Structure formats: structure tokens, C-alpha cells
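To start, the structure under review is shown below, and the notes come after it.
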Amino acid sequence: MASGRYVFDFDERTEGGKELLGGKGTGLAEMTGLGIPVPAGFTITTDACRAYSRTKEFPEGLEAEIEEHIAALQEKTGKRFGDPADPLLVSVRSGAAVSMPGMMDTILNLGLNDEAVSGLAQTTGNDRFAYDSYRRLIQMYGDVVDGINAASFEDALAGLKRDRGAQQDVDLSADDLRELVETFKGIYEQEAGSPFPQDAREQLGRAVRAVFDSWDTPRAQVYRRAHHIPDDLGTAVNVVQMVFGNKGERSGTGVAFTRDPSTGEAGLYGEFLANAQGEDVVAGIRTPQPIEEMKARLPDAFEQLIETMRRLEEHYRDMQDIEFTVEDDRLYLLQTRAAKRTAAAALRAAVEMVDEGLISKEEAVSRIDPAQLDQLLHPMLDPSADYEVAARGLNASPGAASGKIVLDADTAAEQGETEPVILVGWETSPDDIHGMIAAQGILTAHGGMTSHAAVVARGMGKPCVAGCEELGIDQEARRIRLGAHELAEGDVITIDGGTGVVIIGPVELVPPQINEDFETILGWADDHRSLRVRANADTPEDAAKAREFGAEGIGLCRTEHMFMAEDRLPIVREMIMASGEDERRDALEKLLPMQQADFEGIFEAMSGLPVTIRLLDPPLHEFLPPLEEATDERMRQRIKALHETNPMLGTRGCRLGLLWPEIYETQVRAIIRAAVAVEERTGEAPLVEIMHPLVAFAEELRRLRAITVATANEESEDVDYLVGTMIELPRACIRADEIAMHADFFSFGTNDLTQTTLGLSRDDAEGKFLSRYLEDGVLERNPFETLDQTGVGDLMKIAVERGRAAKEEIKLGICGEHGGEPESVAFCHRLGLAYVSCSPYRVPLARLAAAQAALAEQGATYVAAGG
């Protein structure tokens, strides 16, 4: 623990940074040091949270430290905590080292009680404000500290507004709110089993415990798993002097960004609510006004806000997300942090900040989250599609999605595993995180651009339309009204988070186009990476798309996909059903020109770039129908003969080529003939790499290489080509030195290497126990998504070292799906591979990740929290 202490004032210096003070505490301390108007307060460190989590008791000395800092806060403010005449009120807010929007808990107006509310009303001359503050405290405290369902309070508030004919909370009078306080106290006592606590120090102690406990709520755990945030970070707690945006028309609250978090455009962007507290904006309780409204209402505070935002962006050299309150025309900043933003916004902001001289090109490349680029590769509405807009809301998070309506997060989580769904609700809350992860998109009736739904959706790269006033929801009947249309749960809708439109029924979606900012960042990335990036592509169309995204060749062309086409499958089955080699060769002769045409198209699309072609890999039974669909007895007998108990470890890969060499011979002929034809047509010789799958023994590859060379030479002695293998078995890694004697290249097939190393069938594991392993912490990451570096990775390291020791010039790459995952790409860079290969749409991610790995090696490790 830093300095043997658990608590630091905002104006105290400490070396702990975000890991100790959390993001919010660090920001408040730094702003205080810059002379920016921040309410006084102190931070209880993450060390205290971790110590509390172990025993569920405050660590020794913490209570005394909190009391000391409360005393110092009283000196600064001239108010006393618990004073019935003029009380010091505080907020208690969480603040983890890594931003987790909406996941952790906050309590406002702490320190109020039945006596102090009268004192607050007297000293401010504003009864309405005092009782509004008190009812908020009872509701938040009841929810966060005692686990009382917030809906109990909301229902009472909604009922009172109906009785009084009030549209908004602000339309209720002081007497109405005084009555509401008594109602809330009754709800609290009934649900908690004891009256609302009147002692300010008891309130504070229990609130701090509750915020520590909120680190381990299910929603926080789900969020951390989704964003790969370690469970042992803990949260800091910020105790801050209350400033009040709900004191009247000269007060208000808001959220502002120094640039548009959806587009990255420089300029003022945000929302403001007059006569409100901050939770009203982020919780979507009232639909806020554009921040420009503040200029007319509170011009002095507005000008000060603009100047403060400029200073903060220049200081942090990054887009900032700011929470602020105005109390009687005086501006206070409650938080600043790197803004969560869309991929498009991250790219534009980074490029423009380089142009403005705020950051270097290297920093611009390092601060973009490669996984977030996936947002730009998500579908959009087909511009030529014909559809009718049923309703409009706020364009809260870009991208388009179609799916079935689901009206709660649990249903979304359940159905979203098997079909696309759109989560529809009045608004979302942090408890909905599991449903938001499962849904294709989110539609809410309430809330603005900074509501929970909008912020979380943007961070996830999911489309969101918020504040759709034409949306009505009947939860009991499981129906919604969308403009003039009545729909039931399960009906399909389409949302476009870029424009805010909502459409009934499915709409054709098209892939987006990479924009200039994207190209600029990737161009800078290419200047720094040493790792090449290829694509996994099986068709000329895929190859062309991969090249468009900057692929430097094909690292995996799976030839079995060419056999699945409707016009080819009957011939493939004829080959499998053949009674002998002659019949088999007759069928293969029919397939040869079809394969050749495929390869010609791919070679032309990849003109001048290497193409690695994997010869037939899957077991032959995969090309035959299920036994019950066999057309005759002969086919039934053949299906039975080919049946294997564990086909993944059976007669597949190079074993096919050794048992039935004519299959691989035909494929090699098609490859070489295609290369000759393309060179004759274009004048450019393709760079051909022929890959034998599933090799475990050097003798397998020696024999297969001999067949490959002999067949190729029969077709042409002028075509240059390489012969290699896919390394996907542990034995191949261990004996890589022997295998390398017969190989020009290795390509790691990390999908199967993961399965064979871990003894896991991916299909079975992911459908059964793997999710439980991840939830329970047995595994931190899904090894089929992020490379298992200490297991599979160690085997790869052995293969690299032994392969190069035997043949220094051997070419090494990776073609499993891990080739497009940023952490796995960084590992491949450290391993010294020549290239990674991934699906065409992940090529840009891999290019960026490869550059970041190279920059990290050079010490440029900055990554924006909002990236």
C-alpha cells in the first residue's frame, strides 16, 4: 500500500496513479492541481477495496483516516457533516482504474436526514430543492446500500406525478416532494426492515461498503469479462462535497465531450438539463437538451465550460468526456476521462490531433483499439433498399442491425445465442449488460446521447437508437407500439444507429466502406509493422475483398470449400463412392478443370502476392449425406465404412493424400496448370505455396513432397512453388526440426493446434462447459478467441526454434483465426513470425495490431482508454 495510507485529499500528491486512486480520483486530483473548479473531497484507494474484499471488513485504520479527511473537508467548506442547521452533504462515487460506464454505484446528497433537510431548506431558501435532494438520497441509498428495487421508488414517483398532472419531476411542488419523502421513507422501512438511518456517519460508512461491494456485482463481472478487465483491480471511492444542479433555473447539470464521440468531429458536443442532478442525464430519466441550450440560460458558466474543455483536451492530449454541475451560475467539474468513442470517431480524432500537433503519428496508431475497428466493418443499410421509417430516435451509436424484438435483458441473453435480437426497453440500466452483449442492437424510448444505453453500445460497437418518443411498451402484454404500428415480442425490426431510424421488418444490409481516416491510420501503421498480414480466402471474391483491405497475400485457401458447390458435390461423391483407383481418377478428372478455374481466379485477384493453398483436409464422410439420407444400399455401406468415432483425429489431412495420392495429385495439377495459364494471360507468375495439412511425422511430409514435386514437374518445370505444412499437432511442434528438412514453410493452424493441445473439441466445449469456465474464472480468456500463450504458444515457440535451427531460411506464419486477434498478433510478432493470416474483414485489425506490437517493443505503449 502506498505510504501506508488508504485515503488522499484531491489536493495531495501521490505516486499511485489510476491503479491506486482509480480513474475518477486521478482526474479529480489532476484537475484540482490545474486550478480547474472541482468540489473539495478525497479518495479512498483501491488498496482499501482489495483489503475489504478479502474480509468484508474495513482494514485497520481506514475509519480513522476517513474521519480525519471529513474534518479537513469541513474546514474547507465551512459546513459540518450531520449539522442539522447547515449540513455538509457529500456524494459517494466509485472510480475504478479502468472506466466501466454505469457498472458501479453512486449515492448523492449523503448526510441529509429529517432535521438536516429543514436546515438545508432554510439556508438555501428553497424548500423544493431540499426535499428533492432528500428523496433522491433515500432512493439511491435504498437501492445501492440495502438492495431495495429502484422500481418501488420509481412507481411511487410516477404515481404522484399522475395524481398531480405533472409531466416531469420538476413540475412537482415542494409540498409534493415533502409528501414523496414520507412515502419513500415508508418504502425504505418496509423493504429494509428498519427506518432510514438518520446518522450521517452511519450513512457514509455503509455507503463506502456498498460501493466496494458493487465491484463484485454480477453486472460488473459481466462487463469486466466482456472487456477483459482483471477482477483484482478493485475500485476506489470518491467522497466529494455536493454541488447542486437542482437548486433552480440558475442551476443544472450536463455531460460534454471535447469532440463528437460518434464522428470525432471537433467542436462542442453534449447535453444539459436545467434544475437537475447528474444522475438524471446518464440514467435517461429525462430527455436532456443539446448543450447549446446552456449558452442562452447560463452564459457565464457556458463560456467557462468551453475554456475548461479546451484546457483539458490540450493537457491530456485526448478527447475528454466531462461531467459538470452548475450551482447558482457557478461551474464545477465532477469528472474528466478519456471519452468512450466509436471507431470512426477514434480514427478521425487521432488523425486531426496529429494535424493539430497534439500527438505524433506513432501515438495516433498506438491509441486505436484494433478490436474496435470491427465497428467500421459492420453492416449498414443498403442504400438501394426500399423501406418505410416507422419511428425516429437519437442516432446514439452507429451501425445497422435487424433482429427479433426482445423486451428484457434475460430474454436477449437467452435468445441472442441462437438468433439475432434487438433489445427494446424504456431505457437500459447496468443490470442489463448481459442482454446488451447478446443483442445485435439496442432501442430505447428514453435517454439521450449520453444515456447508459448509448455509452455502453458505443463502447461495444453495437448500433443504438435512444430517446425514441414514438416507442411505447406494454411489458405485461409483451407488445410495443412503434409510431402507428403495433408489434409483438418476436417480430423483426431494423435499427440504424447512424441516422436514428427504426424500421419494421428486416432490411438488406451491406458492408461499409473504409474511409479516408481509416486508410490514413492504417498507412501510418504499415510504416511501423514488421509482421506481414495475409488473408484466409477460398474464392476469387474473398481474395479481392482481402486485397481491398490491404492483405499481402493469402495465408490459407481451403480447397474443400470448392468441393461443396451444388454442381461439384455429386462429382465429389462419385469420387468417394468409386470402387477403385481408375474410377476415382475418372471422377477427379472431371473436378480438375473446376479446381483449375478456381485457382486461376484467386491467382489473378492476388497478382504478385503469395497464395498458400491447403490440400484437401476434412474426412471424406463430410461430403456424404447422413446415413438415414443415403440414396441406396451401396452408399449406406460406404458411409458406414468411412464412419469414425473421432473423425477430427481420424482419416483426414495428409493421411488422405497418403492413402489416396490421386486426390492430392489432381489438386497439384490444377494448381500448376492455373499458375501457367495466369502467367500466360497476365505476364506475371503467381507466388504459389502448396500446404499439406495435419502432418505429425517427418516421413509423411517427405513422401507427400515427393508426390507434389513429381506431379508439378509433369505439368511444368517452369513454375516456382514452395511446399510446406500446417503445424497443428503437438508432435509436429516438438519434432519441427525433422519436419523442417522437407518443408519450405510452416503455417501454424492454431484452431486445431489449440484443440489437440488442450484436448478440447471447440464445438463441444463452447456449447457446454467453456462458458462456465470463463464465468467461474477457471480460464481468463476463451482459448479459441485469444491464443493460449503459455500452452499452445510455448509449443509454437519450440517449433519456431527447432524449425529454424534445422533450416534457417524456413518461412513461418500463422493461419488460424487467432491471426486477426490483437493479443495473438502481438504474440506472433514477439515470436518472430513472418506473417499472420486471418479472415478478410479482420485484415485491417491485424495490420494495426502488428504495428502496435512493433511500437510497444520500441516503448510506445500508449493506448487511449476511450479507444
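The values are calculated or read from the model by the stated rules, or taken from the named source; none is laboratory data. This one's a predicted model, so the numbers in the text were calculated from it and none came from an experiment. As a convention, Cβ positions derive from the backbone with ideal geometry for all residues, glycine included, and neighbour counts pool all protein chains shown. What goes into the accessible areas is simple: the full protein's heavy atoms, side chains included, and nothing from ligands, DNA or RNA. Shrake-Rupley method; radii C 1.70, N 1.55, O 1.52, S 1.80 Å.
Averaging Cα coordinates gives a centre for the stretch 252-275 and one for the stretch 592-658; these two points are 56 Å apart.
When nucleic acids and ligands are ignored and a 1.4 Å probe is applied, Ser530 ends up with an accessible area of around 80 Å². Expressed as an acute angle from 0 to 90° and rounded to the nearest 10, what is the orientation of the C-alpha long axis of helix 516-526 relative to the principal long axis of the chain? Here the helix axis deviates by roughly 60 degrees. Histogrammed with a bin width of 5 Å, the alpha carbon distances of the stretch 54-188 distribute as 2, 9, 15, 18, 19, 16, 11, 6, 3, 1, 0 percent, first bin at zero. The HN-Hα couplings worked out from phi for the stretch 392-406 by the Karplus form 6.51 cos²θ - 1.76 cosθ + 1.60 (θ = phi - 60°) are 10, x, 8, 7, 7, 7, x, x, 10, 8, 10, x, 6, 5, 10 Hz, whole numbers, x standing for Gly and Pro. In the chain, a dipole from Cβ-located charges (positive for Lys and Arg, negative for Asp and Glu) runs towards its positive end, and of Ser771, Thr499, Thr645 it is Thr645 whose Cα lies farthest in that direction.
Quick one: order Thr55, Thr336 from most to least accessible surface, probe 1.4 Å.
Details: Thr55 90, Thr336 5 Å².
The residues order as Thr55, Thr336, largest area first.
Once neighbouring chains are kept in place and the probe is 1.4 Å, which whole percent of the accessible area of the chain is contributed by carbon and sulfur?
Values: 15970 of 34460 Å².
So the carbon and sulfur contribution to the accessible surface is 46 percent.
Overall, the ratio between the Cα radius of gyration of the stretch 574-698 and 2.2 N^0.38 Å, rounded to two decimals, is 1.21. Taking the Cα centre of the chain as origin and assigning +1 to Lys and Arg Cβ atoms and -1 to Asp and Glu Cβ atoms, the resulting dipole is close to 1180 debye.
Just want to confirm a number: the relative contact order over the chain, from Cα pairs under 8 angstrom separated by 6+ residues, in percent. Let's see the in-between values first.
On the way: 1846 pairs, mean separation 84.9, N = 867.
Relative contact order for the chain comes out at 10 percent.
The relative contact order of the stretch 62-194 comes to 19 percent, based on Cα pairs under 8 Å that sit 6 or more residues apart.
When nucleic acids and ligands are ignored and a 1.4 Å probe is applied, Arg534 ends up with an accessible area of around 10 Å². Comparing Leu137, Ala630, Pro730 along the charge dipole axis of the chain, the residue lying farthest to the positive side is Pro730, per the Cβ-charge model.
What whole-number value in Å² describes the accessible area per residue of the chain for a 1.4 Å probe? Mind showing how you got there, number by number?
Details: 34460 Å² over 867 residues.
Ligands and nucleic acids excluded, the result is 40 Å² per residue.
Of all GluC sites (Glu not before Pro) in the stretch 562-591, which ones are in loop regions per DSSP and have a Cβ with at most 11 other Cβ atoms within 10 Å? Kindly include the intermediate steps, with their values, before the conclusion.
Values: sites: Glu566, Glu574, Glu581, Glu583, Glu589; in loops: Glu566.
Sites meeting the loop and neighbour criteria: Glu566.
Taking amide H positions as modeled 1.01 Å from N, with prolines and chain starts lacking one, the residues under 5 Å from Gly270 and 5 or more places away or on another chain are Phe257, Ile291. Across the stretch 476-488, computed HN-Hα scalar couplings (Karplus, 6.51 cos²θ - 1.76 cosθ + 1.60, θ = phi - 60°) run 5, 7, 6, 9, 10, 10, 10, x, 8, 10, 9, 10, 10 Hz from first to last residue, x flagging Gly and Pro. Which GluC sites (Glu not before Pro) does the stretch 296-398 hold that lie in a coil by DSSP with at most 11 other beta carbons within 10 Å? Qualifying residues, ordered by number: Glu388. Between amide H atoms placed 1.01 Å from N, distances below 5 Å from Asp318 occur with no residue 5 or more places distant or on a separate chain. Placing a pseudo-label 7 Å from each Cα along the Cα-to-Cβ vector at Arg731 and Glu644 gives an inter-label distance of 1.3 nm. Counting 0.36 nm for each residue step from Asp718 to Ile798 and taking away their Cα separation leaves a gain of 25.3 nm. Shape analysis of the stretch 650-731 places it in the prolate category; the axes a ≥ b ≥ c from the Cα gyration tensor give an a/c of at least 1.5, with a/b above b/c.
For the chain, the longest principal axis of the C-alpha atoms and the axis of helix 698-715 are separated by about 60°. Summing charges over neighbours of Trp524, with a neighbour being any other residue whose Cβ is under 15 Å away from its Cβ, gives -4 when K and R count +1 and D and E count -1.
If Rh is defined by the Kirkwood formula over all Cα pairs and Rg also comes from Cα, what ratio Rg/Rh do you get for the stretch 197-266?
Values: Rg = 17.7 Å, Rh = 16.1 Å.
Checking Rg against Rh, the ratio lands at 1.10.
The largest accessible area among Leu627, Leu753, Leu760 belongs to the first residue in Leu627, Leu760, Leu753, and the rest follow in falling order (1.4 Å probe, all chains). The spread of Cα positions in the stretch 426-581, taken along each principal axis and listed from longest to shortest, comes to 68, 50, 28 Å. In straight-distance terms, cross-link reach from Lys797 covers every one of the lysines whose alpha-carbon lies under 22 Å from its own, apart from those fewer than eight places away in the same chain; here that gives Lys807, Lys811. When nucleic acids and ligands are ignored and a 1.4 Å probe is applied, Arg669 ends up with an accessible area of around 50 Å². Ordered from highest to lowest accessible area with the whole protein assembly present and a 1.4 Å probe, Met460, Met380 read as Met380, Met460.
The residues neighbouring Leu443, those whose beta-carbon lies less than 14 Å from its own, together hold a net charge of -4 under the Lys/Arg +1, Asp/Glu -1 convention.
Couplings 3J(HN,Hα) for the stretch 143-157, derived from phi with the Karplus relation 6.51 cos²θ - 1.76 cosθ + 1.60 (θ = phi - 60°), are 5, 6, 7, 10, x, 6, 4, 4, 5, 4, 6, 4, 5, 5, 5 Hz, where x marks Gly and Pro.
Cα gyration tensor of the stretch 492-539, axes a ≥ b ≥ c as square roots of the eigenvalues: rounded (a/c below 1.5), prolate (a/b > b/c) or oblate? Each step should come with its number before you reach the end.
Values: a/c = 4.70, a/b = 2.01, b/c = 2.34.
The shape class here is oblate.
Loop-located GluC sites (Glu not before Pro) in the stretch 797-836 (DSSP state other than H, G, I, E, B) with a sparse environment of at most 16 neighbouring Cβ atoms within 10 Å: Glu808, Glu809.
Helix 633-642 and the longest principal axis of the Cα set of the chain meet at an angle near 70°. Shape of the stretch 190-336 from the C-alpha gyration tensor: oblate (a/c of 1.5 or more and a/b not above b/c, with a ≥ b ≥ c the square roots of its eigenvalues).
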